Each structure stands twice: as C-alpha cells, then as structure tokens.
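One structure below.
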Amino acid sequence: VDEAFRQGDSARARVLAVEFLDKHPDYKGSPGLRLHLARNYYEDSRGDLALHHLGKLDEDYPGGEAWRSGQLLRALLLTERGRSAEAALLLDLRLAENSMGGQSEQARSQLADLIDHELGLPELREFLLRRPASDESSRAKLSLAQRLIGANHPEEAEPLLDAVLADPRAGTLRDRARSLLTGMGAEMPILTETADVQVRLDLVGVLVPLSGRFSVYGEAFLEGARMALSRHNALELSNLDMAVADTQG
C-alpha cells in the first residue's frame, strides 16, 4: 500500500488499502490508514468516498488521534458541500465532549470561523436552538445579531447583543456587542462652538477590526493593547481606562 501511494498509483493503493483493512481491522496502523484513504479521496475531489471512509473511522476507531483528525476533515468536507450547519454542530459537540485532545484549539478555531463567516440566519438560529449551552453561544448570538442588523431587523438584534454583554465568558465579544449597540443607538447631537465638551484624560481609544475578515487580528491586537495598558498602569501608578470601537474590517 505504501509503495503504491509513493509511486502515485492511487487507484491501486486504495484497492490494496481496503483489502488490508477488511482482513486486518485490528492492526495498530489501521486508523491512520483509514484516515489516509479519506484524505486521498478528498484531495482527488471525491468527497462522497472521503466521507464514507471517515464514517468507517467513526464506527471502528473512535477516540484516537486519527479519529480526531478525521473530525476536522469531516467538518471541512461538510462545509465545502454546503452543509456548514452540520459541520458547526459536529465540532461543537466534540468540543463539549472534550474528545478532541490536542486538536481542540484547531477545532475551536474552525468552529469560530464557521459561526463568523459561513452560517447564515437560519443556520445560526438552528445552532442556538440545538446547542443553547455551547461555549460558542455568545459568538453565535453576536453573529446572528450582525446578520439581523444587515437585514434591517435591529429590534431582533438588540436582545441578542444584550445577552452577549451579560455573558462573563464572552471576553472580547462583549466589546463587539457594545459597539454594535452603540451604533444602533440614537444619533449623537452635533456639537456647537458653545457646547460644553467633557474630555476624559484617563481614557485611551482603540479602533480595531473586531468583526469581518480581519477579526482574528483585531482580537489579538486588542488583547495586546489591554496587556500594554495594564503594564503601563502598574509601572506608572496610573489608572487609564480603554474605550474600544469596531472598525468592522
């Protein structure tokens, strides 16, 4: 099998691999071989057969390292085939089970990308309905709120954003929710020359892309800015605060 794969004879290698797996299902390398078959079919744009072998990997070898990699590949395949909601539910379930081991961060990143960029209004509603206790529920609510605002339904978005603000696990997502709520608020009055303007000298303003295609960089920058401000306050015995706004990419 290895020799056939190395020689680029994928068709022969696949036949030999299936024959080997049928005869030696308990061989220690069988999970890796099943995953290799799935990847080979995926690279050959034969998604149905790739999913078939990932299904066999699920049935015969659950819980191992090859199985974990198979979960990530399955989610990728489902997404590419227009089944992003199914992919998101799969990843969230595996993370809730704590079954992804050392691949948890990759699974979490893949799930966040699905919620932020792939799931539409109905898919996000389904995700929240089926996974209400998900660690990513605030991300899904924020993403759903953004899509509702884009569809001119701010009245439906507001309670979702309030829920994100109330979630102590939401982290930087709360800043994005606050920014969206501010943007939905009443228009600020135009200042005249005689207006009494209050200036806060203890406030640092930060503009970063917390939504849109560059959000991963914006969140990383914001975390760095917070660390820098905290260090400055400790060294200078100051009490500067931070106001954050989302440039939306």
- Item | Pairs with Cβ under 9 Å, 6+ apart, first in the stretch 104-128 and under 13 Å from L90 (Cα atoms) and touching a residue at least 12 places away in the same chain (Cβ under 8 Å), second part of a loop (DSSP other than H, G, I, E, B) and open to solvent by 40 Å² or more (accessible area, probe 1.4 Å) | R108/D135
- Being touching a residue at least 24 places away in the same chain (Cβ under 8 Å) and crowded, with 23+ Cβ neighbours inside 10 Å is the filter; apply it to the stretch 142-157 and report the residue that is nearest to the chain's Cα centre (by Cα). S143
- Message: Exactly one of these conditions fails for L95: (1) without any contact (Cβ under 8 Å) to a residue 40 or more places away in the chain; (2) out of contact with any Pro (no Cβ under 8 Å at 6 or more places or on another chain). Give me its number.
- Response: (1)
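Out of all the residues in the stretch 49-68, which are within 11 Å of M100 (Cβ to Cβ) and outside any helix (DSSP H, G or I)?
To start, the set of residues in the stretch 49-68 that are within 11 Å of M100 (Cβ to Cβ) comprises 63, 65, 67-68.
Within the stretch 49-68, G63 is the sole residue that qualifies.
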- Query: Can you tell me which residue in the stretch 158-191 is most open to solvent (accessible area, probe 1.4 Å), limited to those that are in contact (Cβ under 8 Å) with a residue 24 or more places away in the chain and not in a helix (DSSP H, G or I)?
  - Reply: R169
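Anything in the stretch 200-241 that is β-branched (V, I, T) and open to solvent by less than 40 Å² (accessible area, probe 1.4 Å)? List them, or say none. Break it down into steps so the answer makes sense when it comes.
Pass one, the stretch 200-241, residues β-branched (V, I, T): 204, 206, 208, 216.
Result: V206, V208.
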- Taking the stretch 209-249 and keeping residues under 22 Å from the mean Cα position of the chain (by Cα) and more than 17 Å from G171 (Cα to Cα) leaves G212, R213, F214, T247, Q248, G249
- Query: What do you reckon, is V216 of a type in the set (A, V, I, L, M, F, W, C), over 21 Å from L128 (Cβ atoms), assigned to a helix (DSSP H, G or I) and at pLDDT below 90?
  - Reply: yes
- Where in the stretch 69-139 are there helices (runs of 4 or more DSSP H), lying fully within it, with 3 or more residues that are of a type in the set (S, T, N, Q) and open to solvent by 80 Å² or more (accessible area, probe 1.4 Å)? none
- Item | Which numbered condition E59 fails, given (1) over 19 Å from E80 (Cα atoms); (2) open to solvent by less than 40 Å² (accessible area, probe 1.4 Å) | (2)
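Name the helices (runs of 4 or more DSSP H) wholly within the stretch 1-48 that hold at least 1 residues that are closer than 17 Å to W67 by Cβ, open to solvent by less than 50 Å² (accessible area, probe 1.4 Å) and touching an Asp or Glu at 6+ places or on another chain (Cβ under 8 Å)?
30-43
The values are calculated or read from the model by the stated rules, or taken from the named source; none is laboratory data. Remember, predicted model here, so these are calculated numbers, not experimental data. FYI the Cβ positions are ideal-geometry reconstructions off the backbone, even for glycines, and counts take in every protein chain you see. Please note that ligands, DNA and RNA were not included when accessible areas were found on the heavy atoms of the full protein model with its side chains. Shrake-Rupley method; radii C 1.70, N 1.55, O 1.52, S 1.80 Å.
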